[in-house]
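Trainee: Sharing a structure here in structure tokens format.
What follows draws every value from the coordinates through simple rules; no lab data is involved. Quantities reported herein were computed from a predicted structural model and do not represent experimental measurements. Note that each Cβ is placed from the backbone with ideal geometry, even for glycine, and that neighbours are counted across all protein chains shown.
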Amino acid sequence: MKWDRPRFERSEVNRAGRELLATPPGEATPDWALEIVNNWRASHNYPLNAFEVSLRDRVRKHARASTVVQRLKRLPSIRAKLALQPSMKLSQMQDIGGCRAVVPTWSTVLTLSELYKASRQKHTLIHEDDYINGPKPSGYRGIHLIYRYESSARPEYNGLKIEIQLRTRLQHAWATAVETVGTLLTQPLKSSIGEEDWLRFFSLMGSALAFREGTPTIPGTPTTVGDLSNELSELSERLRVEDVLTAYGRAIQTIYQGERRASYYLLELQPAGGEGSHGVVTITGFESDQLEEATRSYLGAETRLTEPGSQAVLVSVGSLQSLTVAYPNFFLDTRRFLDALREALGRTPLNGSRTAQEP
């Protein structure tokens, strides 16, 4: 396989990042800046693949009923992160390349985290964010491990940073529901920006799921199950959360292109444009030797999809079926989250099963 490698000095990467950030919404970023940013992003594929192989091996041994996925950060997400952290340079961003394991329980997350920290590997663990014992005010929970890639065999990638995310299924259901609602409202809710009622709702749900898993709750939310349930019930009724999310899931059509049994999948989401219309998610498969073509298509999709809520992502998963598990937000699928909400409110989940510890 032909792997892209860094072709520009870090000073040029940072200059391109500033240009990306400075481009007004709705206007095209200059081609020279897109070329540099895309090369910098694509250069993370090789180390990212190495980390994903290692993560899959650990998950296979300790959490068989799990999902592992890798992805390159989307251009809008890169731009948004640079805007939120003005002192950050593009070359310093730690999650351009990321792989994630979604596992059944919190104890499995802890096991995998400890295995990583105790392992003797050439790559350097430079930072850990434990958002389970110290959850974000938004309600986000999970563990992030940031590594710096080091290899004597492939020194051209040395210094590139890769993020490993470890989540339970409940934590993943919360995170993807936030992205789904943010997509449809065209508000960056996962960055704690948007309508106050929705932000408060997801913060409360973060605590409800933390109670389920026996982990610390979200700062600023009720400390008893009863008080939490009362506020959550009032707010979910006011927002009509169940009706809204159920309608989202019905308003989507899926189109498949290219290889169905592929190594990489490009997902393109175009939400519904109005009353009675349907959104479309297009899935294009690429073989392992088509990574360069897939990367070009990814950039092309990002520059082409300019409607509010539209987005694209290039991912690698174990199977086509795993896409809906790893990226339910692209399919506007919040069924697992809705089951968790119904249970938090003392009602029976529609699927008739608990979602916290399922195999």
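Trainee: What is the total of Lys pairs in segment 18-126 with C-alpha atoms under 22 Å apart, excluding same-chain pairs fewer than 8 positions apart? Intermediate values should be presented prior to the final figure.
Mentor: Details: 61/117; 61/122; 73/81; 73/89; 81/89.
Total qualifying Lys-Lys pairs in segment 18-126 comes to 5.
Trainee: Right, something else. What's the local net charge at residue 321, with K and R +1, D and E -1, over the other residues with C-beta under 11 Å away? Don't skip to the answer; put the middle values down first.
Mentor: Details: positive: 260, 261; negative: none.
It works out to a net charge of +2.
Trainee: Follow-up question, since we're still on this one. Sorted by packing (mean other beta-carbon atoms within 10 Å per residue), highest first, where do 151-161, 231-241 land?
Mentor: Values: 151-161: 14.0, 231-241: 15.7.
Final packing ranking: 231-241, 151-161.
Trainee: Which one, 113, 192, 87, has the greatest fluctuation when you compute a Gaussian network model over the chain with C-alpha springs under 10 angstrom?
Mentor: Maximum among the listed residues: 87.
Trainee: For each of 8, 286, count neighbouring Cβ atoms within 10 Å of the residue's Cβ, then give the residues from fewest to most. List each step's numbers first, then the result.
Mentor: Working: 8 17, 286 23.
Least to most surrounded, the residues fall as 8, 286.
Trainee: Rounded, prolate or oblate: pick one for the chain, where a ≥ b ≥ c are the square roots of the eigenvalues of its C-alpha gyration tensor, a/c under 1.5 means rounded, and failing that, prolate if a/b is larger than b/c, else oblate. It would help to have the intermediate numbers written out before the result.
Mentor: On the way: a/c = 1.58, a/b = 1.31, b/c = 1.21.
Judged from the Cα gyration tensor, the chain comes out prolate (a/c at least 1.5, a/b above b/c).
Trainee: With both partners inside the chain, how many of the DSSP beta bridges are antiparallel, as a percent to the nearest 5?
Mentor: Values: 33 of 47 bridges.
Beta bridges within the chain, antiparallel portion: roughly 70 percent.
Trainee: Here's a follow-up. How much length would be gained if the chain were fully extended between residue 125 and residue 233, taking 0.36 nm per residue of separation minus their Cα-Cα distance, in nm to one decimal?
Mentor: On the way: separation 108, 0.36 × 108 = 38.88 nm, distance 4.15 nm.
Fully extending the segment from residue 125 to residue 233 adds 34.7 nm.
Trainee: Assuming a ≥ b ≥ c are the square roots of the Cα gyration tensor eigenvalues, decide whether segment 251-331 counts as rounded (a/c under 1.5), prolate (otherwise, with a/b larger than b/c) or oblate. Show your work: numbers first, answer last.
Mentor: Details: a/c = 2.37, a/b = 1.48, b/c = 1.61.
Oblate, because a/c is 1.5 or more while a/b does not exceed b/c.
Trainee: Among 333, 31, what is the fewest-to-most ranking by other Cβ atoms within 10 Å? Please report the intermediate quantities before stating the final value.
Mentor: Values: 333 21, 31 9.
Ordered from fewest to most neighbouring Cβ atoms within 10 Å, 333, 31 come out as 31, 333.
Trainee: Only Lys, Arg, Asp and Glu count, each charged at its Cβ (+1, +1, -1, -1), so figure out the dipole size of segment 251-331 about its Cα centre, rounded to 20 debye.
Mentor: Result for segment 251-331 is approximately 160 debye, rounded to the nearest 20.
Trainee: Would you compute, from DSSP H runs of 4+ residues alone, the mean residue ellipticity of the chain at 222 nm, taking -39500 (n - 2.57) per run and dividing by the full residue count, rounded to the nearest 500?
Mentor: -13500 deg cm²/dmol, from helical runs alone.
Trainee: At 4 °C and 1.567 mPa s, what whole-number value in µm²/s does Stokes-Einstein give for the translational diffusion of segment 10-168, with Rh from the Kirkwood sum over Cα pairs? Spell out each step's value before the answer.
Mentor: On the way: Rh = 16.7 Å.
D, rounded to a whole number, is 77 µm²/s.
Trainee: Below 8 Å, C-alpha to C-alpha, sequence gap of six or more: please give me the relative contact order for the chain in percent.
Mentor: Working: 632 pairs, mean separation 60.7, N = 359.
Here the relative contact order equals 17 percent.
Trainee: Is there a quick way to get the dipole size of the chain? I mean about its Cα centre, with the Cβ of Lys and Arg at +1 and of Asp and Glu at -1; what is the value in debye to the nearest 20? Before the final figure, lay out the partial values.
Mentor: Values: 44 positive and 41 negative charges, 220 e Å.
Dipole size: approximately 1060 debye.
Trainee: When 106, 198, 3 are ordered from fewest to most other Cβ atoms inside 10 Å of their Cβ, what list results?
Mentor: Numbers: 106 23, 198 19, 3 15.
Going from sparsest to densest Cβ surroundings: 3, 198, 106.
Trainee: Now for a different question. Which residues' amide hydrogens lie under 5 Å from the amide hydrogen of residue 72, considering only partners 5 or more residues apart or on another chain, with H built in the peptide plane?
Mentor: HN-HN under 5 Å from residue 72: 314.
Trainee: For residue 256, what residues show an amide H to amide H distance below 5 Å, using hydrogens built from the backbone and excluding near sequence neighbours?
Mentor: 283
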